[in-house]
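To start, the structure itself, in structure tokens.
The values are calculated or read from the model by the stated rules, or taken from the named source; none is laboratory data. All figures in this text were calculated on a predicted structure; none of them were measured in a lab. Methodologically, a virtual Cβ is constructed for each residue, glycine included, from the backbone with ideal geometry; neighbour enumeration extends over all protein chains shown.
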Amino acid sequence: MLSPVKTLCLLSVSASLMLPSAASAADDGVVQFMHKGMQIAGKPAPRGKYYDIDLASPAEGADTVRKAADILIENSVYNANAIEKLKKAGNVVIVYDPAFPKRELTKITIAAFLPDFYQAEGRTKDFLTIVGRFGGKWSPRELAPVLAHELTGHGMQHLRGRLEHVREVDLECEAYLYQEKAYQDLGFDKGTREMVQFRKVLEGHWCADFKSWQRKNKRAALKSWDQLNPDIPAILDDYLVYIDALRDSGVAGIAVSKAKQQQARQSRQRLAKLSESTNPEDQFQLGLIYARGIGTDINPGAARGWFEKAAEAGHAQAQYELSRIYWQGDGVPADKAISAQWAKSAANNGIAEAAYLYGAMLINGDGVARNPREGRKWLEKAAEAGLTRAKDALKKLGGN
């Protein structure tokens, strides 16, 4: 008997997934491997999407990430020690995703730290950094300090449990300090316009409140800043005292509470705007939001409803989501007949995974009348689209 469907993930790599030690390509084109205790992956761009730059391939992006991590670890002992702490505490994952960020109008985002996106259940923490399409085109040496900012700086904050209790300006101050340490250790020319601007933003914006606190409470410590390469370890020691002082005063808690309220308002506004749309893609996105609990509570019923609206309008991926939902009984009573109907629709609309699923249903007689000959045809379609498990299934079936 063929297994028609496995648990689906929003992305093809999970922080709780143990990847093979050698590079491998998954069914959907994801390149993934273990490297020095870190999980590294490269994703392909979504089909039919066009971006503002030429994209690195999954293998190229993952290799750039690997080289950047090596440069950081081999040249910055301070950052390397922090990464070791993260690895001991949980899963360190770096993913090259050319679809990230979704849109860029006035700025360029190189990478981001997303601690809870794949958070596994239990006490283990996940430390996930996404490197976007712009970062995938940078040289490894340029990317290494950005990894120090996102993975090491924000990762250490996540390790300490501070992400939810510290103001954004203070979180960025610490992350910028880890990045500054990387620039120092990698020997970047501090006289360039880019480095001068970085230092101005670091001191004049993100760490301005911290320096004001030092001026009032530890004036002598300000000398640590007065050099081309500031004494980052000493500054970070003071920074941790500063964060504790903010917590004790209640200032940070009030600011974080207001930020959460603002984020909740923005989420409600986004949901309301999407709910008014008749665009099947917007309806599909709403289904994902409720299915995954992105910015709101998980709501399987609402997810199914929006997937159905998109699917009835011909949205292929929504049709496949419905086939999965009804097969697994995800928030609804399992119904293999309905699952088969949506799998067939999605397969007819070019979703390789749906072709495999529908073919397996036909071969096994799950939700449809058993028809091995027809089932094989759908498996062949999935195999032609490059789906490895469809190819494996055909080998197991043998014959003609």
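Worth a mention:
- When the criteria are applied in full, residue 337 fails the requirement of being part of a loop (DSSP other than H, G, I, E, B) and over 23 Å from residue 286 (Cα atoms).
- Residue list for the range 187-206, restricted to those being over 20 Å from residue 143 (Cβ atoms) and part of a helix (DSSP H, G or I): 196, 200, 203, 204, 205, 206
For every residue, the table says whether it meets (1) surrounded by fewer than 22 Cβ atoms within 10 Å (Cβ to Cβ); (2) closer than 27 Å to residue 398 by Cα; (3) over 27 Å from the mean Cα position of the chain (by Cα).
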residue: 322; (1), (2), (3): no, no, no
residue: 330; (1), (2), (3): yes, no, no
residue: 334; (1), (2), (3): yes, no, yes
residue: 338; (1), (2), (3): yes, no, yes
residue: 347; (1), (2), (3): no, yes, yes
residue: 361; (1), (2), (3): no, yes, yes
residue: 366; (1), (2), (3): yes, yes, yes
residue: 374; (1), (2), (3): yes, yes, yes
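- Residue within the range 326-338 that is touching a residue at least 60 places away in the same chain (Cβ under 8 Å), under 23 Å from residue 390 (Cβ atoms), of a type outside the set (A, V, I, L, M) and outside the structural domain of residue 47 (by TED's automatic domain parsing) present: yes
- Tally, over the range 345-374, of residues that are in a helix (DSSP H, G or I) and under 23 Å from residue 311 (Cα atoms): 15
- The one condition in (1) surrounded by 15 or more Cβ atoms within 10 Å (Cβ to Cβ); (2) within 22 Å of the chain's Cα centre (by Cα); (3) free of Cβ contacts under 8 Å to residues at least 40 places away in the same chain that residue 203 fails to fulfil: (2)
- Check on residue 326, farther than 22 Å from residue 47 by Cβ and of a type in the set (Ser, Thr, Tyr): yes
- Residue check, residue 68 crowded, with 21+ Cβ neighbours inside 10 Å, outside any loop (DSSP other than H, G, I, E, B) and at pLDDT 95 or above: yes
- Between 102, 43, 49, 87, the distinction of being surrounded by fewer than 21 Cβ atoms within 10 Å (Cβ to Cβ) and at pLDDT 90 or above belongs to 87 only.
- Among the candidates 183, 176, the residue that is in contact with a Leu (Cβ under 7 Å, 6 or more places away or on another chain) and either crowded, with 19+ Cβ neighbours inside 10 Å or part of a helix (DSSP H, G or I) (or both) is uniquely 176.
- All positions within the range 139-170 that are of a type in the set (A, V, I, L, M, F, W, C) and more than 19 Å from the chain's Cα centre (by Cα): 166, 169
- Residue list for the range 218-239, filter: modelled with pLDDT of 90 or more and either among the aromatic types (Phe, Trp, Tyr) or part of a helix (DSSP H, G or I) (or both): 225, 232, 233, 234, 235, 236, 237, 238, 239
- Taken over the range 112-135, the residue count meeting the criterion of being crowded, with 21+ Cβ neighbours inside 10 Å and modelled with pLDDT under 90 is 2.
- Residue selection: residue 297 fails the criterion of being more than 30 Å from residue 360 (Cβ to Cβ) and modelled with pLDDT of 80 or more.
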